[in-house]
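Okay, structure first, notes after.
The values are calculated or read from the model by the stated rules, or taken from the named source; none is laboratory data. This structure is a prediction, so every number in the text was calculated from the model and none was measured. We place every Cβ from the backbone using ideal geometry, glycine too, and count neighbours over all the protein chains shown.
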Amino acid sequence: MLQNQIAPLSSSALVAVYPGSFDPVTTGHLDLIQRCAPLVGRLVVAVLRNAHKQPLFSLEERVQMLREVLRDYPNVEVDAFDGLLVDYARQKQAKLLLRGIRAISDYEYELQMALMNRRLAPEIETMFMMAGEAYSFISSKLVKEVIGLGGDVRGLVPPSVEQILVQRFPRKP
Ligand code: PNS
């Protein structure tokens, strides 16, 4: 028996947390959620309050957009958190943190976070899923840049989020 081995959980008992800024949620995030949700009992999409970054959307708006997009997923809940992610995960009794990797450029940052989180909470595992190939170029940051400069973000974000972005950044005639 390995030293840190723990009793196996059935997948229906497994709680996973998918943390992020979601400013705003993109179709890339959604793809990851859709692929992870069937693998676990409960998936908590956890929106960081983010004291350091200056988000475009308030915490309440980001949570609301996610809830709207994810309302048909019975085992997915949307919540907000601040403080250490691992403290939040423990509070939710989650054993898994989900993160997406789009390209090798994501890897370094993700590795650093995963190792730090493992040091803080060895009983919680980080699971990486590769972004779907159709979504691997999409980021919330680029979506905001494109819409802010008058570009089309259709397909990059869910339709309900696109509507909100178009209202926020009306096209100049
Ligand atoms: O979508 P993002 O902005 O890449 O998500 C980053 C996030 C929320 C996963 C990360 O900033 C985070 O976990 N913040 C919580 C603070 C924390 O636990 N920091 C120490 C662990 S690295």
*Give the residues of segment 111-133 that are in a helix (DSSP H, G or I) and either touching a helix residue (DSSP H, G or I) at 6+ places or on another chain (Cβ under 8 Å) or surrounded by 16 or more Cβ atoms within 10 Å (Cβ to Cβ) (or both), sorted by residue number.*
ALA114, ASN117, LEU120
_As an exercise: evaluate PRO24 against (1) over 18 Å from THR126 (Cβ atoms); (2) surrounded by fewer than 17 Cβ atoms within 10 Å (Cβ to Cβ) and give the number of the one condition it does not meet._
(2)
*Restricting to segment 80-95, what's the tally of residues that are part of a loop (DSSP other than H, G, I, E, B) and touching a residue at least 40 places away in the same chain (Cβ under 8 Å)?*
4
*Would you call TYR88 crowded, with 16+ Cβ neighbours inside 10 Å, within 9 Å of the ligand (Cβ to nearest atom) and within 23 Å of ARG49 (Cα to Cα)?*
yes
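Being basic (Lys, Arg) and either part of a helix (DSSP H, G or I) or within 26 Å of ARG154 (Cβ to Cβ) (or both) is the filter here; which residues of segment 17-47 pass it?
Result: ARG35, single match.
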*Out of LEU98, LEU48, report the one residue that is in contact (Cβ under 8 Å) with a residue 24 or more places away in the chain, more than 9 Å from the ligand (Cβ to nearest atom) and within 12 Å of the chain's Cα centre (by Cα).*
LEU98
_Between ARG99, ARG71, which is loosely packed, with under 13 Cβ neighbours inside 10 Å, outside any helix (DSSP H, G or I) and among the basic types (Lys, Arg)?_
ARG71
*So PHE137 clears everything in (1) within 13 Å of the ligand (Cβ to nearest atom); (2) farther than 16 Å from GLY20 by Cβ except one condition, right? Which one?*
(1)
*Would it be correct to say that ASN75 is within 13 Å of the ligand (Cβ to nearest atom), free of Cβ contacts under 8 Å to residues at least 60 places away in the same chain, in contact with a Leu (Cβ under 8 Å, 6 or more places away or on another chain) and not charged (D, E, K, R)?*
no
*Got at least one residue in segment 81-91 being polar (S, T, N, Q), closer than 24 Å to ARG119 by Cβ and within 14 Å of the chain's Cα centre (by Cα)?*
no
*Looking at GLU77, is it at pLDDT 95 or above, part of a helix (DSSP H, G or I) and of a type outside the set (A, V, I, L, M)?*
no
_Among (1) surrounded by fewer than 20 Cβ atoms within 10 Å (Cβ to Cβ); (2) touching a Leu at 6+ places or on another chain (Cβ under 6 Å) - the single one LEU9 does not satisfy_ = (2)
*Going by the structure shown, is GLY151 touching a Leu at 6+ places or on another chain (Cβ under 8 Å) and either outside any helix (DSSP H, G or I) or surrounded by 16 or more Cβ atoms within 10 Å (Cβ to Cβ) (or both)?*
no
*Take segment 51-68 and flag every residue that is surrounded by fewer than 21 Cβ atoms within 10 Å (Cβ to Cβ), in contact (Cβ under 8 Å) with a residue 24 or more places away in the chain and within 12 Å of the ligand (Cβ to nearest atom).*
ALA51, LYS53, PRO55
